[in-house]
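J.: One structure is given below, represented as structure tokens, and several questions about it will come after.
Any read-out appearing in this document is the output of simple, stated calculations on the displayed coordinates, not a laboratory observation. Note that the coordinates shown come from a computational prediction; the quantities given were computed from them, not determined experimentally. Heads up, the Cβs are rebuilt from the backbone with ideal geometry, glycines too, and the neighbour counts pull from every protein chain shown.
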Amino acid sequence: MAVAQHQGRVLRRSVAVACLLAIAASQHGADAFIRVQSGTFVDENCKEFFFSGYNTWQLLENAAGVVGNSGDLTAQFDAAAANNLTVVRMFGFGTAGGFQLQYSPGSYNEKAFQAFDKVISEAGKRKLRLVIAFVNNWDQDSSSDNKKFYVGGGNPDDFYTSASARQAFKNHMKTVTSRKNTITGIAYRDDPTILAWNLINEPRCDAIGCNTDMLSWIEEMAPYLKTVDPNHLVTVGMDGFYDRRSCLAPTGNPSSWAGYTGQDFLPQHAVNGIDYAAIHLWPDNWKRVDLDFGKIWLSNHSANGQLLQKPVVLEEFGKGVGGDLAKGQTESQRMDWYKLVYYLVEQDLEAGTPLKGILFWRWDAVAAAVNSQIGDNALTLATSSDVFQQVVKPFSARVAQRGKTVAGCTPSQGTVSAASIGGGSSGGPGPDFFTAPDSATCCAKDCGTMYGNLEGTPLASATSASASACCDSCKGTTGCSAWNFCYCDLGCAGQPKGTCVLKSMTNAFYPRTQIVGDNAGWIGGVPGQSKITPTWLCQPKGGSTCAADQGASTCSATDLQNSLQCPDNSCNAKDQNVGGDTLVMDVNSNTPTKTVFTAADCCAACKNYGGCNVWTFCNRPEGCSSDCPANVASAKQTGGKTFGPYGGCQGNRFPYQQCTLKNSKDPSKVQVYEAGELQAWTSGTT
């Protein structure tokens with residue numbers, strides 16, 4: 001009986017607390033938490049929640065009067081409400097020099113926290129909702145909340161792996177979410193004004209292969225956040241890049257560098273505790289101002305959302321005009337980009353596909369901080385501008401009227417709806433489903449495994465459970481000398497994931513692959529070869545019949561072996577792309593007759609050119625990287641080196657057999673941009 005009476009008192013107390021929170025929240029702002037149900041955002045009545053909004057990154061400074069004054073805060077929120085910009089994404093930390101939320105991990109600035117209270121309170125009064133990032137990747141100020149802050153000034157990437165840094169960050173998330181607002185009296189975790197948390201703004205890491213460290217970090221932080229705040233939605237806060245091994249990287253990333261940032265969009269958003277996927281889009285920063293890239297970027301991520309069974313939000317989008325950021329870009333080009341992006345988002349809303357919201361960067365209503373970062377001047381939209389009046393404002397008005405009741409959704413009870421939000425699991429596949437197989441460990445050593453679509457004559461096609469099983473099929477098939485397995489979640493050139501193609505290959509000792517376009521998403525191998533000559537290291541000499549683009553696949557084995565030329569040890573050749581000051585963009589483009597056919601030729605050219613101690617060579621017939629035109633345009637604007645009169649880009653790619661000569665102050669410490677078999681460069685030092 002005593003136990004029953006105690007449980008009854010606890011239940012009554014819990015109900016009373018929930019009622020008080022409901023009353024406080026209804027007086028303060030949003031009526032209930034937004035949830036994810038059936039792959040879309042819903043409100044407490046199961047009506048779909050779509051949104052249009054904007055980014056601003058110095059709200060705490062505004063509220064505290066450190067940048068501008070508190071009047072700027074209320075003025076922009078009034079303008080946002082008047083223009084149906086219902087969601088505001090902000091940084092939950094200071095970025096102005098000397099103004100931060102934490103002085104050191106665990107030591108807090110109460111003035112900044114009170115500014116935080118005011119931001120939430122003022123947003124709530126206007127029924128606006130906030131998306132808040134806990135920490136920043138970028139180091140605007142050495143004392144602000146960024147990765148380096150948590151590792152005592154050490155290697156910033158230790159933020160993802162250091163046990164002490166992980167614990168300090170978890171302590172911080174707990175402190176923020178349990179903060180009781182001094183104005184509203186509501187704890188942050190109980191306030192529906194907050195729509196969602198970003199774990200980190202644009203996470204990056206530099207070490208090749210660090211995407212696994214980032215995934216492990218997300219797998220620890222997202223579920224932990226749900227334990228201290230089960231009410232709010234959670235996403236990562238990343239750009240949306242694909243790891244270099246992802247089948248979407250060759251065509252989906254803005255350029256090959258994006259595959260080396262540690263991000264891997266699909267597995268990192270498949271984590272339990274991540275409720276929705278968020279992406280960014282920066283045409284100028286990424287040097288992809290071609291509209292076709294914007295279409296590919298949004299369509300890929302919308303399709304990814306369907307695989308994840310989670311909604312997708314374009315939470316940062318900006319298009320610059322003028323300045324160093326967007327030199328030569330015009331208002332007309334900005335208009336074209338905004339029309340395209342907002343049209344594609346609205347198409348998704350109408351079709352019921354995953355894109356559910358958009359937040360642009362950035363708005364002149366955020367008056368106080370417009371001039372605080374030079375790049376933002378080029379990106380800022382004036383309220384009176386044609387882009388805002390003709391695209392953003394009418395779109396926002398239409399979105400505010402949209403939303404139907406979601407079938408099968410259970411309405412939430414009262415204001416606090418933690419039980420209906422749950423742990424953030426969508427029922428979709430987990431991270432392992434989206435992780436590309438590792439060519440070094442996925443198969444037996446005698447499978448000769450490598451990434452790409454191997455040349456050869458198809459013998460048979462079937463479905464295999466794994467790359468290893470596909471290799472085994474080749475071993476047991478007469479005449480099979482090569483195999484290819486599709487690991488891409490979206491399929492490979494019309495073939496579904498799991499397709500295994502068995503092939504007969506001429507000159508299996510020199511296997512050539514392609515990894516771009518329809519050739520992306522394949523892994524393969526040549527089983528039983530006792531010795532394989534790496535195509536990145538050795539190529540047919542000039543003048544040989546095997547030197548033609550397709551010659552290596554048609555020459556006799558004897559002719560091919562006799563024609564191959566490899567750099568000697570003094571060239572220090574590796575399968576990577578390295579940095580340095582460019583002396584000659586491309587040797588071949590400066591002479592009417594091609595002189596460089598092999599990596600060995602390129603090394604020799606460097607040795608014979610004054611000041612050259614670093615060389616890079618494009619070893620694949622399909623070309624290298626994917627941002628050649630943008631790099632050429634940038635070089636012309638800044639007076640840098642570009643192609644000579646006898647050559648140029650190969651479509652979007654740097655041309656096959658391009659040889660670039662460079663100088664590095666310390667060749668032993670050159671910066672590595674890309675490395676391994678998934679990129680097409682060979683580099684060395686002399």
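J.: Going by the alpha-carbon gyration tensor, a ≥ b ≥ c the square roots of its eigenvalues, is segment 437-532 rounded (a/c under 1.5) or, if a/c is not under 1.5, prolate (a/b greater than b/c) versus oblate?
T.: Values: a/c = 1.37, a/b = 1.33, b/c = 1.03.
Here segment 437-532 falls in the rounded category.
J.: Can you sort F395, F149 by how many other beta carbons sit within 10 Å, fewest first?
T.: F395, F149
J.: If you average the alpha carbon positions of segment 376-398 and of segment 97-124, how far apart do those two centres end up, in angstrom?
T.: Measuring centre to centre over Cα atoms gives 30 Å.
J.: Moving on. Would you mind working out the magnitude of the charge dipole of segment 437-532 relative to its Cα centre, with +1 at each Lys and Arg C-beta and -1 at each Asp and Glu C-beta, to the nearest 20 Debye?
T.: Using only the charged Cβ atoms, the result is roughly 200 debye.
J.: Using a simple charge model, +1 on the beta-carbon of Lys and Arg, -1 on the beta-carbon of Asp and Glu, nothing else, what dipole does segment 565-685 show about its Cα centre, in debye to the nearest 20?
T.: Using only the charged Cβ atoms, the result is roughly 280 debye.
J.: Cross-link candidates for K497: which lysines have Cα within less than 22 Å, leaving aside residues fewer than 8 places away along the same chain?
T.: K310, K475
J.: With n ≥ 4 as the cut-off for DSSP H runs, can you work out [θ] at 222 nm for the chain, using -39500 (n - 2.57) per run divided by the number of residues, rounded to the nearest 500?
T.: Per the formula, -9000 deg cm²/dmol.
J.: Exceeding 22 Å between C-alpha atoms, which entries from my cross-link table qualify? They are K287/K574; K574/K665; K327/K641; K607/K636.
T.: Exceeds cut-off: K287/K574; K607/K636.
J.: For the chain, just the Cα set please: Rg and Dmax, both in angstrom.
T.: Cα-based Rg and Dmax for the chain come out at 27.5, 98 Å.
J.: Exposure proxy check: C649, C447, C471 ranked by fewest other beta carbons within 10 Å?
T.: Least to most surrounded, the residues fall as C649, C447, C471.
J.: I would also like to ask the following. Based on the mean of other beta carbon atoms within 10 Å per residue, what is the order of 398-407, 654-663, 53-62, most packed first?
T.: 53-62, 654-663, 398-407
J.: Can you find, among S52, W138, W615, the residue sitting farthest towards the positive end of the charge dipole of the chain, where Lys and Arg contribute +1 and Asp and Glu -1 at Cβ?
T.: Farthest towards the positive pole: S52.
J.: Determine ³J(HN,Hα), in whole Hz, for all residues of segment 287-299 in sequence, where each value follows from phi through the Karplus function 6.51 cos²θ - 1.76 cosθ + 1.60 and θ = phi - 60°; x replaces Gly and Pro.
T.: Each residue's phi maps through the Karplus curve to give 6, 10, 8, 6, 4, 4, 5, x, 5, 5, 4, 6, 5 Hz.
J.: By how many nm would the segment from S530 to Q637 grow when fully extended, if each residue of separation counts as 0.36 nm and the alpha-carbon distance is taken off? Please list the in-between numbers first.
T.: Values: separation 107, 0.36 × 107 = 38.52 nm, distance 5.03 nm.
Between S530 and Q637, full extension yields 33.5 nm more.
J.: Taking 60 Å as R0, compute the FRET efficiency from the Cβ-Cβ separation of A187 and K339 and round it to 0.05.
T.: According to the calculation, E is roughly 0.90.
J.: Another question, then. Picking from F360, W286, N631, whose Cα lies most toward the positive end of the charge dipole for the chain (charges on Cβ: Lys, Arg +1; Asp, Glu -1)?
T.: It is F360, whose Cα lies furthest towards the positive end.
J.: Just tell me which aspartates and glutamates come within less than 16 Å, Cα to Cα, of K503; anything on the same chain fewer than 8 places away is out.
T.: E455, D472
J.: When Lys and Arg each count +1 and Asp and Glu each count -1, what net charge do the other residues less than 9 Å away from Y54, Cβ to Cβ, add up to?
T.: +2
J.: Please determine, in degrees from 0 to 90 and to the nearest 10, the orientation of helix 110-125 with respect to the longest principal axis defined by the Cα atoms of the chain, where the helix direction is its Cα long axis.
T.: With both axes taken from Cα atoms, the answer is about 80 degrees.
J.: Please give the helix 70-82 orientation as an angle from the longest Cα principal axis of the chain, in degrees from 0 to 90, rounded to the nearest 10.
T.: Rounded to the nearest ten degrees, it is 80.
J.: Sorting check: for 36-45, 639-648, which peptide has the highest mean count of neighbouring beta carbons within 10 Å, and how do the rest follow?
T.: Highest to lowest by the protection proxy: 36-45, 639-648.
J.: Which Cα, out of T457, G528, P429, lies furthest along the positive dipole direction of the chain (beta carbon charges, K/R +1, D/E -1)?
T.: Farthest towards the positive end: P429.
J.: Which order do H301, H269 fall in if you start with the one that has the fewest other Cβ atoms within 10 Å?
T.: H301, H269
J.: Relative to the longest principal axis of the C-alpha atoms of the chain, give the angle of the C-alpha long axis of helix 628-638, reported between 0 and 90° and rounded to the nearest 10°.
T.: Value to nearest ten degrees: 80.
J.: In whole Hz and in residue order, list the ³J(HN,Hα) couplings for segment 212-226 that follow from phi through the Karplus curve 6.51 cos²θ - 1.76 cosθ + 1.60, θ = phi - 60°; x for Gly and Pro.
T.: Karplus values, whole Hz, x for Gly and Pro: 5, 5, 5, 4, 4, 5, 5, 5, 8, 6, 5, x, 4, 4, 5.
J.: Evaluate the charge dipole of the chain about its Cα centre and quote only its size in Debye, nearest 20, assuming +1 on the Cβ of each Lys and Arg and -1 on the Cβ of each Asp and Glu.
T.: Value, rounded to 20: 700 debye.
J.: For the peptides 69-80, 307-318, 174-185, what is the packing order when you average, over each peptide's residues, the other Cβ atoms within 10 Å and list the highest mean first? Walk me through the numbers before you get to the answer.
T.: Details: 69-80: 18.5, 307-318: 24.5, 174-185: 16.8.
Descending packing order for the listed peptides: 307-318, 69-80, 174-185.
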